[in-house]
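The block underneath contains the structure these notes are about, expressed in structure tokens.
The values are calculated or read from the model by the stated rules, or taken from the named source; none is laboratory data. As the structure is a computational prediction, the values presented were derived from the model and not from experiment. When we count neighbours, we look across all protein chains shown, and the Cβ atoms used for this are built from the backbone with ideal geometry, even at glycine. Accessible surface areas use protein heavy atoms only, side chains included; no ligands, DNA or RNA. Shrake-Rupley method; radii C 1.70, N 1.55, O 1.52, S 1.80 Å.
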Amino acid sequence: MMTTYEELTAWLADPSAEVVRKFRDSALPEETLTAAGGSGMTVIEVDGAAPRDIPSLHAVLALAGHFPSYYGANWDALFDFWSDPPTSRSGQLWIIHSAETLAARLPDACAVLSEIAEAADERLRATGDTFRLLLSEA
């Protein structure tokens, strides 16, 4: 688990780093989000306390990611959207705030999200992009 902003920034800068990381803090500093955006990554923030079940989790992810109306709201569809190379950025950073709340409510879903993140990163690396999933805990 990362605990310092320096560790977080180094993780974002290393394309060979692990895809899913946990960060313990009540709020990510604006400079870290700016650094991620400045590095060319698209930053998407999700409220992990909002979903109560799998359908609402997909709804929250779709809203945060600005998925089109035809998003299938299933794991395969999520993989398709997460692994689709961005058109003008150099990767994606998805931040799930209150990740511990999401994990308590939907533990299996959190495991699947991590697996999909790993697979999305693998596909994106072939295009020179990266995918990161940051589980932010208070």
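A compact table of results
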| item | result |
| --- | --- |
| Residue under evaluation Ala120, criteria (1) out of contact with any strand residue (DSSP E or B) (no Cβ under 6 Å at 6 or more places or on another chain); (2) within 27 Å of Thr9 (Cα to Cα); (3) buried (at least 17 other Cβ atoms within 10 Å of the Cβ), criterion not met | (1) |
| Any hit, the stretch 91-113, residues being in a loop (DSSP other than H, G, I, E, B) and modelled with pLDDT under 85 | yes |
| Any helices (runs of 4 or more DSSP H) falling wholly within the stretch 1-65 and containing at least 3 residues that are modelled with pLDDT of 80 or more and surrounded by 17 or more Cβ atoms within 10 Å (Cβ to Cβ) | 54-65 |
| Filter result (under 12 Å from the mean Cα position of the chain (by Cα) and open to solvent by less than 40 Å² (accessible area, probe 1.4 Å)) within the stretch 98-117 | Ala99, Cys110, Leu113, Ser114, Ile116, Ala117 |
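Results for (1) closer than 27 Å to Ser16 by Cβ; (2) in contact (Cβ under 8 Å) with a residue 40 or more places away in the chain; (3) not hydroxyl-bearing (Ser, Thr, Tyr), shown as yes or no for each residue.
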| residue | (1), (2), (3) |
| --- | --- |
| Asp80 | yes, no, yes |
| Ala99 | yes, yes, yes |
| Leu106 | no, yes, yes |
| Ile116 | yes, yes, yes |
| Gly128 | yes, no, yes |
